[in-house]
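The values are calculated or read from the model by the stated rules, or taken from the named source; none is laboratory data. These figures come from a predicted structure and were not determined experimentally. No Cβ is skipped: glycine too gets one built from the backbone with ideal geometry, and neighbour counts run over all protein chains shown. For accessibility, only protein heavy atoms count, side chains too; no ligands or nucleic acids. Shrake-Rupley method; radii C 1.70, N 1.55, O 1.52, S 1.80 Å.
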Amino acid sequence: MKLDNKKYGFYGRLKKEFPSQIIVAITENCNYACKHCPHANLTKSEVYKGTNLSEELNKKLVDEVGSAGKGYCTHMRYTASGEPLLHPKGFELLGYATKNSGTMVSLTTNGSMLTDVNRKKLLDTKVNLIDISLDAFTAETYEKIRINGKYENVKNNVLSLLKERDNGNYDTKIVVSFVKQPLNINEAKPFEEFWYSKGVNFVILRSLHTAAGAIDVKINTPEKRWPCVYPWDRMILSHNGNLAYCP
């Protein structure tokens, strides 16, 4: 089979031997109920069990990435069907991955758990990149979108993380992200300007989507649509040990 890496934006990373990106969804638990996330509906369903990925399965995955995935896998992304830092062994899972996977390791978090103690524990894992989902520039908007969250607490957590990263000479890159939606669209530019001024490595502005129909939102569908690259680019290991092509 001839792989056309460029036609739909694979940029040369697509390989038949091993996925280029592994997503590790380590927990089913969350302390938020965000407007653009299906988690709040998930918790009301019969399939919700509040489970966490086992250390044994994480080790097995990381070891396979470090051996069979060597030279093919370019990224292990630790995330969740909720908030990954609620996993009771989350730092241990991350630390094992950064030490043994042989590839880039990142964490996606809502920032609420980045307390004084946890910030150092996280940086000490040597994680390559921390992606903090914020989605607003003001407290009023934040607390409408990221329900149960407290904007000032999370903002101060992120600012403190940046200072500790720099003062401790850690190599970890820190990015903040923003899902564009009707409640926050007017805050995208000031959000971007503010966080760049505070020293983040990158600001990510994402487009709203329906999470495969799991949430009821109206989106503007572009006239030109490309097929999704993710089934050929990603493999997801879920909190309960299942493998999937899409979260």
| said: Suppose only helical runs count, i.e. DSSP H with n ≥ 4. What mean residue ellipticity at 222 nm does that imply for the chain under -39500 (n - 2.57) per run, divided by all residues and rounded to the nearest 500 deg cm²/dmol? | reply: -8500 deg cm²/dmol
| Point-to-point label distance, Lys126-Arg206, nm (Cα→Cβ direction, 7 Å offset) | 2.8
| query | Ranked by accessible surface with a 1.4 Å probe, highest first, in what order do Tyr230, Tyr170 come? | reply | Tyr230, Tyr170
| What net charge do the residues around Arg206 carry, taking every other residue with its C-beta under 13 Å from that of Arg206, with Lys and Arg at +1 and Asp and Glu at -1? | -2
| request: Please work out the FRET efficiency for the pair Thr51 and Ile147, using the Cβ-Cβ distance as r and a Förster radius of 25 Å; give the result to the nearest 0.05. | output: 0.65
| How many nm is it between the label spots at Ala188 and Ala139, if each spot is 7 Å from the Cα in line with the beta carbon? | 2.7
| Longest exposed-loop-site-free stretch of the chain, with GluC sites (Glu not before Pro), DSSP loop and at most 14 other Cβ within 10 Å? | 47-222
| Share of carbon and sulfur in the accessible heavy-atom surface of the chain [1.4 Å probe, %] | 52
| Cα gyration tensor, the chain - rounded (a/c under 1.5), prolate or oblate | rounded
| said: Report the Cα centroid-to-centroid distance between segment 161-193 and segment 134-155 in angstrom, as an integer. | reply: 13
| Reachable lysines from Lys44, criterion Cα separation under 19 angstrom, eight or more residues apart if same chain | Lys35
| How many nm separate the modelled label positions at Lys99 and Cys246, each set 7 Å beyond the Cα in the direction of the Cβ? | 3.8
| query | What's the extension gain from Tyr196 to Asp171 if we count 0.36 nm per residue and subtract their Cα-Cα distance? | reply | 7.3 nm
